[in-house]
Amino acid sequence: MSSTQSFVITLLGLLMTTSQALVTESFPGQIWRMAGGSFATMVEASTYSPRVPFWKKTVEQSVSNDTQAHSKSGVEEVTLVNPFRNFNAWVNSFIFPETFANYLISNFGPDASHYMLCYIRNFVSGCIIYYVTAGIFHYRNYVLDKEKLFVGGGKRKKPSSEVILHQIKLAQSSLFLYVALPVFSDWLIEEGYTYCYYDVREVGGWGAWLGLTLIYFACVEIGIYWMHRTLHENKFLYKYVHSQHHAYNTPETLTPWASIAFNPLDGILQASPYVFILLVIPCHYLTHVLMVFCTAIWATYIHDTMDGNVEPIMSNKYHTVHHTHYIYNYGQIFIFCDWFWGTLKKPTGPTGTGLKRKTK
Ligand SMILES: [Zn+2]
Ligand SMILES: [Zn+2]
């Protein structure tokens with residue numbers, strides 16, 4: 001089994017096992033909310049009203065009539081805790097000291113403080129994910145496999161430290177704005193504007209979870225394909241937004257550090273289908289979070305210019321061709337969209353050597 005195949009299998013395994021573990025009833029976030037403190041204040045400040053899909057409206061109506069009947073007859077009403085904010089505040093409580101959370105609340109109120117903490121958390125975790133994953137790929141390609149890939153006649157040219165440093169600087173500066181997207185997404189979800197659901201039972205169990213996850217993922221894949229293609233075909237968007245990422249247009253100027261070396265607006269637009277599809281298709285919240293996390297690792301993998309062979313997955317060799325030829329392979333994880341809309345270019349030889357750059 002090639003290293004790319006094991007990488008893809010590990011990523012899928014991680015996605016499945018973790019999402020299964022996180023949706024069990026005993027999830028610690030649900031226990032934690034009973035404790036007081038500033039993080040609980042942020043959870044309680046949320047006026048949560050879930051958006052009910054049209055096919056569930058009748059069921060929800062009868063539940064609400066039932067609750068009203070109970071409250072009239074003196075049975076205590078259950079307070080609905082915002083599960084999404086509860087989860088986010090629970091994660092934040094491990095990262096930020098209580099005194100800092102308290103300070104923010106007294107100055108900005110519980111709602112704004114919650115999102116400020118989410119922003120800082122996303123920024124720090126975004127940096128960690130970027131440096132750790134790119135660092136691992138860097139070590140494998142330029143240290144462990146250096147002799148095999150770059151030393152000797154006919155082999156590829158090793159990317160220079162200047163190129164790597166350029167990519168790191170661009171990625172690091174983009175992260176400040178780029179991480180605002182997941183904060184905005186959490187705001188939409190926590191305010192009940194999306195069809196995100198927290199508990200698998202809300203949609204009728206694991207069968208529905210699987211079906212909805214596949215539909216959601218397919219729509220995201222199509223959304224990203226068209227967003228990326230538009231960033232190329234619209235001259236204004238290409239010139240002012242996407243071209244910065246395409247400055248790395250040869251195998252020796254493309255490295256794992258280029259994954260998020262882009263204009264922040266470019267990153268936000270390309271990742272936006274993960275958010276706006278939630279406005280129409282229900283998706284399990286933690287599965288969505290895990291997908292976004294795996295995408296960050298994926299982005300590093302597809303920029304490492306190696307020749308992974310895992311059809312129908314849009315592996316690293318396809319994305320190298322995207323960078324060298326511009327008008328092919330816009331897809332994210334699978335090759336289906338490019339195949340269907342006629343923009344697929346299958347690399348025939350090693351992409352790291354002998355690829356002629358096509359000028360735009
Ligand atoms: Zn592109
Ligand atoms: Zn790229």
Tell me, yes or no, whether the range 282-297 has at least one residue that is of a type in the set (S, T, Y) and within 12 Å of ligand 1 (Cβ to nearest atom).
no
So the check is Cβ under 7 Å with 6+ separation or different chains; which pairs have a first residue in the range 319-333 that's on the phi > 0 side of the Ramachandran plot and without any contact (Cβ under 8 Å) to a residue 60 or more places away in the chain and a second one that's within 10 Å of ligand 1 (Cβ to nearest atom) and in a helix (DSSP H, G or I)?
N329/H319; N329/H322
Tell me, which helices (runs of 4 or more DSSP H) wholly within the range 81-187 include 3 or more residues that are in contact with an Asp or Glu (Cβ under 7 Å, 6 or more places away or on another chain) and surrounded by 19 or more Cβ atoms within 10 Å (Cβ to Cβ)?
83-95
Helices (runs of 4 or more DSSP H) fully within the range 278-344 counting 2 or more residues that are within 16 Å of ligand 2 (Cβ to nearest atom) and either touching a strand residue (DSSP E or B) at 6+ places or on another chain (Cβ under 6 Å) or within 24 Å of K158 (Cα to Cα) (or both):
285-302, 316-325
Out of everything in the range 236-273 that is small (G, A, S) and assigned to a helix (DSSP H, G or I), what residue ends up being farthest from ligand 1 (Cβ to nearest atom)?
A271
Let me confirm something: among H288, H322, which residue is surrounded by 21 or more Cβ atoms within 10 Å (Cβ to Cβ) and under 21 Å from S243 (Cα atoms)?
H322
Answer yes or no as to whether G192 is outside any helix (DSSP H, G or I) and more than 16 Å from the chain's Cα centre (by Cα).
yes
When residues of the range 309-351 are limited to those that are closer than 20 Å to I260 by Cβ and either in contact with a Cys (Cβ under 6 Å, 6 or more places away or on another chain) or of a type in the set (G, A, S) (or both), the one farthest from ligand 1 (Cβ to nearest atom):
S315
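The numbers here are math on the coordinates, done by the rules we state, and not lab data. From a predicted model like this one, the values you see are computed outputs, not experimental measurements. Positions of Cβ are generated from backbone atoms using ideal geometry, with glycine treated the same way; all protein chains shown enter the neighbour counts.
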